[in-house]
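Every read-out reported here was derived from the displayed coordinates using simple, explicitly stated rules and does not represent laboratory data. Please read all numbers here as calculations on a predicted model, not as lab measurements. Using ideal geometry, Cβ is built from the backbone for each residue, glycine included, and neighbour counts are taken over all protein chains shown.
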Amino acid sequence: LSSWLAVPAGIAFLEGIGAQRLRARNHALALAMAETLAAAWGTEVGAPRSMLAAMAPVRVPGAPEPSWEAGRALRRRLWEEHRVEVPVMPVGDALWARISAQAFNVPQDYRRLASALPALAAGA
């Protein structure tokens, strides 16, 4: 029942900061952090800025094989070893991390991902 009981507080929070303001903040954070990750990893953001909202795909560096199994293994290791949660999936000839931004995310969250993922991907 906790999710039902939390709804009024969630609505009050959103009304307090404004939905439009929160969407704009999440959009800006997702774009900035996608570009930061791509630069740190020497890879790329997988879509034009105009197509992104609060999520963005970033190519994983040095990943061995673009398979669902490799993506799941990398995601599991990121969580188990670094407490970083990010979907990792194959698209074409690469693995991609799909980052997202929400009210509780801060740039440090993405810096943890930036430092943790390359070593794990190379050893996956």
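Expressed as an acute angle from 0 to 90° and rounded to the nearest 10, what is the orientation of the C-alpha long axis of helix 107-123 relative to the principal long axis of the chain? That works out to roughly 20 degrees.
With each run of n ≥ 4 DSSP H residues scored as -39500 (n - 2.57), what mean residue ellipticity at 222 nm is computed for the chain after dividing by its residue count and rounding to the nearest 500 deg cm²/dmol?
Value at 222 nm, helices only, nearest 500: -19500 deg cm²/dmol.
Taking max minus min of the alpha-carbon positions on each principal axis, the chain gives extents of 46, 35, 24 Å, largest first.
Rounded to the nearest 10 degrees, the angle from helix 19-41 to the longest Cα principal axis of the chain is 20 degrees.
Pairs of Cα atoms nearer than 8 Å and 6+ residues apart set the relative contact order; for the chain it is 26 percent. Overall size of region 56-124 from C-alpha positions, given as principal axis extents largest first: 32, 22, 16 Å.
On the beta carbon distance between Ala53 and Phe13, with R0 = 22 Å, the FRET formula returns roughly 0.65.
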